[in-house]
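Have a look at the structure below before the remarks.
The values are calculated or read from the model by the stated rules, or taken from the named source; none is laboratory data. All values reported here derive from a predicted model rather than from experimental measurement. Positions of Cβ are backbone-derived with ideal geometry, glycine not excepted, and every protein chain shown enters the neighbour counts.
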Amino acid sequence: MRALEELLDHRDPALPLIEAWASQASLPVELLPPSADRDAVLLELQVTTRSPLGAMAHGSGGILVDGGWLRMLGSGHPRLGRNLAVWNRERSDGFLLVADDVVGGFFAVNGGAFGEDLGVIHYLAPDTLAWESLGMGHTAFMQWAFSDGLRAFYRDLRWEGWEAEVAALDGDSCFSFYPFLFTEQGSTQTSSRRPVPVAEQYAFLSQEGA
């Protein structure tokens, strides 16, 4: 296990790169300040701050994209209480959960659970119950999430007035839809929706997709 000083890259840290991507983003991107737990989070993950993943774990409390529609996990913040290390305990095996969205979808870095494309981001879709490869690594995923590509990805999952509803939702909750999105009758346009804890949604999707 590497010590903290071995994980802190002072010569070429990735945080300034993430900050530059955020400032140039075509969508609203909010970087949350890191928490007091950031050293412990980085130590548990054992990734260096030279990587965007390590920079997220240590230099950020998390990132809210497009008004909070997408939440990228970091070291935790009052508006996004989950951190990368604790959130993955007993939830991930062969992958690392790194982000989620308000419609109950989850993004993870493949560590072997999804096949041979190690390091590639996969998405657990609430409308298919399947882990789907995005064909990009974590760094490219972050750049993509700050672009109009994110809105294109969610075009069919957004509804009129979503902005106000998402703004009122905390970072540890998402919407649950009924009829469920993975059913023939389910749709974000016509299903009823209510806020639920993200942990509850993940447990539900994991069980339904098992």
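See the values below:
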quantity	calculated
Evaluation of residue 151 against (1) under 16 Å from the mean Cα position of the chain (by Cα); (2) charged (D, E, K, R); (3) more than 19 Å from residue 73 (Cα to Cα); (4) surrounded by 14 or more Cβ atoms within 10 Å (Cβ to Cβ) (one fails), failing number	(4)
Qualifying residue in the range 110-122 (condition: free of Cβ contacts under 8 Å to residues at least 12 places away in the same chain, surrounded by fewer than 24 Cβ atoms within 10 Å (Cβ to Cβ) and under 14 Å from the mean Cα position of the chain (by Cα))	no
Options 164, 85; residue that is over 15 Å from residue 203 (Cα atoms) and either without any contact (Cβ under 8 Å) to a residue 12 or more places away in the chain or of a type in the set (Val, Ile, Thr) (or both)	164
Residue 206 being among the small types (Gly, Ala, Ser), modelled with pLDDT under 95 and within 17 Å of the chain's Cα centre (by Cα)	yes
Cβ pairs under 7 Å, 6+ apart, first in the range 188-205 and within 16 Å of residue 101 (Cβ to Cβ) and polar (S, T, N, Q), second at pLDDT 95 or above and assigned to a helix (DSSP H, G or I)	188/157
Residue tally, condition part of a loop (DSSP other than H, G, I, E, B), surrounded by 13 or more Cβ atoms within 10 Å (Cβ to Cβ) and of a type in the set (D, E, K, R), over the range 154-168	1
Candidates 65, 86 - the one that is β-branched (Val, Ile, Thr) and surrounded by fewer than 19 Cβ atoms within 10 Å (Cβ to Cβ)	86
From 67, 94, 59, residue being modelled with pLDDT of 95 or more, farther than 25 Å from residue 124 by Cα and small (Gly, Ala, Ser)	59
Output for the range 5-27, where each listed residue is loosely packed, with under 11 Cβ neighbours inside 10 Å and in a loop (DSSP other than H, G, I, E, B)	10, 11, 12
First in the range 24-39 and over 15 Å from residue 76 (Cβ atoms), second anywhere and surrounded by fewer than 13 Cβ atoms within 10 Å (Cβ to Cβ), Cβ under 7 Å, 6 or more apart	26/148
Every residue from the range 25-55 that is polar (S, T, N, Q) and over 20 Å from residue 137 (Cβ atoms)	26, 35
Candidate set: the range 28-43, residues that are hydrophobic (A, V, I, L, M, F, W, C) and in a helix (DSSP H, G or I); chosen: the one nearest to residue 86 (Cα to Cα)	41
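Per-residue answers, yes or no, for (1) at pLDDT below 95; (2) in a loop (DSSP other than H, G, I, E, B); (3) farther than 29 Å from residue 179 by Cα; (4) of a type outside the set (S, T, N, Q):
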| position | (1), (2), (3), (4) |
| --- | --- |
| 90 | yes, yes, no, yes |
| 109 | no, no, yes, yes |
| 132 | no, no, no, yes |
| 135 | no, no, yes, yes |
| 140 | no, no, yes, yes |
| 150 | no, no, no, yes |
